[in-house]
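Here is the structure we will look at, set down as structure tokens.
The values are calculated or read from the model by the stated rules, or taken from the named source; none is laboratory data. The structure displayed is predicted, hence computed values, not measured ones. Reconstructed Cβ throughout: ideal geometry from the backbone, glycine too, with neighbour counts over all protein chains shown. Note: areas computed on protein heavy atoms with side chains; ligands, DNA, RNA excluded. Shrake-Rupley method; radii C 1.70, N 1.55, O 1.52, S 1.80 Å.
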Amino acid sequence: MAGQTTWLLLAAASLLWLLPWTSAVDRSDFPASFLFGTATSSYQIEGAYLEDNKSLSNWDVFTHVPGRIKDGSTGDIADDHYHRYEGDVELMHSLGINAYRFSISWARILPKGRFGKVNPSGIDFYNKLIDLLLLKGIQPFVTLTHYDITQELEDRYGAWLSAEIQYDFGYFADVCFAAFGDRVKYWATFNEPNAAVRKGYMVGTYPPGRCSQPFGSCASGDSDAEPYVATHNIVLSHATAVEIYKRKYQSKQKGLIGIVMYTTWYEPLTDAPEDRLATERALTFDVPCCRFLDPIVYGDYPPEMRQLLGSRLPSFSPEDRRKLRYKLDFIGVNHYTTLYTKDCMFSSDCPLGQETQHELVAVTGERNGLPIGPPTAMPTFYVVPDGIEKMVTYIMKRYNNLPMFITENGYAQGGDNYARVDDWLDDKGRIDYLDGYLTKVAKVIRDGADVRGYFVWSLVDNFEWLFGYTLRFGLHYVDYETQERKPKLSAQWYKGFLQSMPEAQ
Ligand code: NOJ
């Protein structure tokens with residue numbers, strides 16, 4: 001009831017503001033079958049971290065070490081979505097979305113990986129969520145692992161550093177396809193493995209917190225080698241899951257399977273040819289895609305990586321190449337921002353320890369003291385809508401226009417200007433951001449890109465990794481004391497944008 005009143009009040013209050021608001025884009029700019037959704041992930045919203053036989057995940061263990069997370073928080077409760085999923089599906093329904101991207105907690109399904117039993121309560125939870133979504137006309141778009149894995153696998157054999165992880169990931173994927181694949185038509189194997197590997201094994205700020213100097217001061221690790229070993233095992237784990245899906249399930253279940261990458265568009269800091277080359281290197285080497293997508297789509301790492309890394313980059317055996325031939329059905333594109341790139345091959349004036357050091361590139365958000373676009377509360381995320389058009393075009397060309405989904409795009413609020421709840425609800429900055437980026441997505445589709453869906457990050461405010469609860473990405477505000485959700489102006493806006501939407505396909 002309280003929720004309904006809030007909606008009415010907000011609708012009335014925002015109408016005045018929305019009336020003069022004009023946009024270059026509307027729902028009819030996208031195909032009728034286009035998926036419009038919101039995205040979340042298990043660790044960031046579920047909570048219930050030790051309930052119903054779930055075991056500890058790597059993030060449970062990591063956040064419980066003091067000093068790791070900005071506000072000292074954890075995802076123990078997060079949005080309590082595990083107990084409140086019905087209300088959250090209702091929020092989605094009132095937005096009018098036809099798809100919802102969420103991830104499965106590995107530790108809830110397989111508390112001991114393949115060394116123990118499947119947890120029936122975990123299966124039951126996702127079954128209930130999937131059934132309810134479908135009842136409301138919302139397609140589940142499921143990520144198998146969004147940074148979180150069963151800690152047991154880390155403890156037993158070092159998780160992504162061991163080739164053994166392929167068997168565990170394949171087993172987990174098989175269990176999920178068998179349990180949910182009759183209803184799930186969109187599967188992503190990994191969320192942003194490129195970001196997870198850099199943070200986990202190069203700078204050590206995400207679990208397992210491994211690195212070496214000058215990238216960071218970790219108890220152990222080797223920033224020069226481990227990121228590439230982990231990359232290799234993730235690529236092969238992806239291939240293992242895709243092979244299982246394609247051989248055992250796809251012809252019956254008729255779904256698609258892909259992978260989701262973290263993508264940043266880059267612009268050269270200056271017109272100098274060195275900076276232009278540095279931009280090319282940065283794009284190829286990792287951040288948009290190619291360290292993972294080239295092996296998956298073309299069977300090997302980009303040649304530039306081999307040149308710069310030599311034997312630090314593992315090789316694919318004939319058996320690996322056999323697995324890799326199953327490739328993928330779509331590319332998931334998480335896109336938030338654009339940054340400048342500066343050459344470090346010929347210039348010695350570069351900071352040490354940046355995540356792009358191996359490609360001999362430095363990255364910055366400013367040129368001559370001016371930001372590349374309006375800043376957001378997330379350091380390094382600026383508002384540059386052109387970037388999504390350029391990024392999608394780059395991926396389209398490099399991968400022969402494979403189907404794409406914009407699996408995440410969103411805007412962070414945070415900082416000192418948010419004294420009252422109303423300050424969070426009044427998120428015109430987010431509306432401008434979404435409007436600007438959606439306009440460019442519509443354009444790139446008109447220009448021929450096979451983009452099939454768009455997901456706002458996020459449905460609700462949630463646990464933002466190292467920033468804890470200090471940053472808010474939600475279309476709905478969450479009061480973490482009471483767990484009450486309140487729609488922000490952007491929720492009203494997204495709902496308005498989607499109103500002309502035809503029935504879900
Ligand atoms: C990408 C990640 O997939 C998601 O977990 C995170 O919350 C958003 N970016 C915002 O930083």
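Averaging the sequence gap over all C-alpha pairs within less than 8 Å and six or more residues apart, then dividing by the number of residues, gives the chain a relative contact order of 18 percent. So, counting K/R as plus one and D/E as minus one, what does the shell of residues with Cβ under 10 Å around residue 468 add up to? The answer is 0. Of the cross-linked pairs 199/486; 246/443; 136/254; 254/327, those separated by over 25 Å at the C-alpha level are 199/486; 246/443.
Amide H contacts under 5 Å for residue 452: 404, 405, 406, restricted to partners 5 or more places along the chain or on a different chain, H placed in the peptide plane at 1.01 Å from N.
Among bridges DSSP assigns within the chain, what percent are antiparallel (round to 5)? For the chain, the DSSP antiparallel bridge percentage is about 25. Centre-to-centre, using Cα atoms only, the range 142-164 and the range 24-102 are separated by 20 Å. Rolling a 1.4 Å probe over the heavy atoms of the protein chains gives the chain an accessible area of 37 Å² per residue. Between residue 315 and residue 115, the FRET efficiency from the beta-carbon distance, with R0 = 35 Å, is close to 0.75. Electrostatic bookkeeping for residue 275 treats Lys and Arg as +1 and Asp and Glu as -1; over the other residues with beta carbon under 14 Å from its beta carbon, the sum is -3. Cross-link partners of residue 54 among lysines, defined as those whose alpha carbon lies under 21 angstrom from its own and excluding same-chain residues fewer than eight positions apart: 112, 117, 128. State whether the range 217-328 is rounded, prolate or oblate according to the following rule on the C-alpha gyration tensor (a ≥ b ≥ c being the square roots of its eigenvalues): a/c under 1.5 gives rounded; otherwise a/b larger than b/c gives prolate, and the remaining case gives oblate. It comes out prolate by the Cα gyration axes. Using the Cβ-Cβ distance between residue 306 and residue 163 with R0 set to 22 Å, the FRET efficiency works out to roughly 0.65.
Overall, the range 136-295 carries a charge dipole of about 920 debye about its Cα centre when +1 sits on the Cβ of Lys and Arg and -1 on the Cβ of Asp and Glu, all other atoms neutral.
Have a look at 358, 339, 326 and report the one farthest towards the positive end of the charge dipole of the range 306-362, computed about the Cα centre with Cβ charges (Lys/Arg +1, Asp/Glu -1). So the residue we want is 326. Full extension of the segment from residue 217 to residue 350, taken as 0.36 nm per residue of separation minus the current Cα-Cα distance, would add 45.9 nm. Placing dummy labels 7 Å off each Cα toward the beta-carbon, the span from residue 428 to residue 322 is 6.2 nm. The separation of the range 186-237 from the range 335-414, counted between C-alpha centres, amounts to 19 Å.
For residue 342, the aspartates and glutamates whose Cα comes closer than 19 Å to its Cα, not counting residues fewer than 8 places off in the same chain, are 267, 271, 274, 275, 280, 286, 304, 355, 359, 366. 3J(HN,Hα) along the range 361-366, derived from phi through the Karplus expression 6.51 cos²θ - 1.76 cosθ + 1.60 where θ = phi - 60°, amounts to 9, 10, 10, 8, x, 10 Hz, with x in place of Gly and Pro. Rounded to whole numbers, the Karplus 3J(HN,Hα) couplings from phi for the range 367-375 are 10, 6, x, 9, x, 5, x, x, x Hz, using 6.51 cos²θ - 1.76 cosθ + 1.60 with θ = phi - 60°, and x at Gly and Pro.
Taking amide hydrogens as placed 1.01 Å from N in the peptide plane, the amide H of residue 367 sits under 5 Å from those of 372, each at least 5 positions away in sequence or on another chain. Inter-label distance, residue 401 to residue 251: 2.9 nm, where each label sits 7 Å from its Cα along the C-beta direction. Computed from backbone phi with θ = phi - 60° and the Karplus coefficients 6.51, -1.76 and 1.60, the 3J(HN,Hα) list for the range 270-279 is 10, 7, 4, x, 4, 5, 5, 5, 4, 5 Hz; x is used for glycine and proline. Between residue 65 and residue 32, the simple spin-label model (points 7 angstrom out along Cα→Cβ) gives 5.4 nm.
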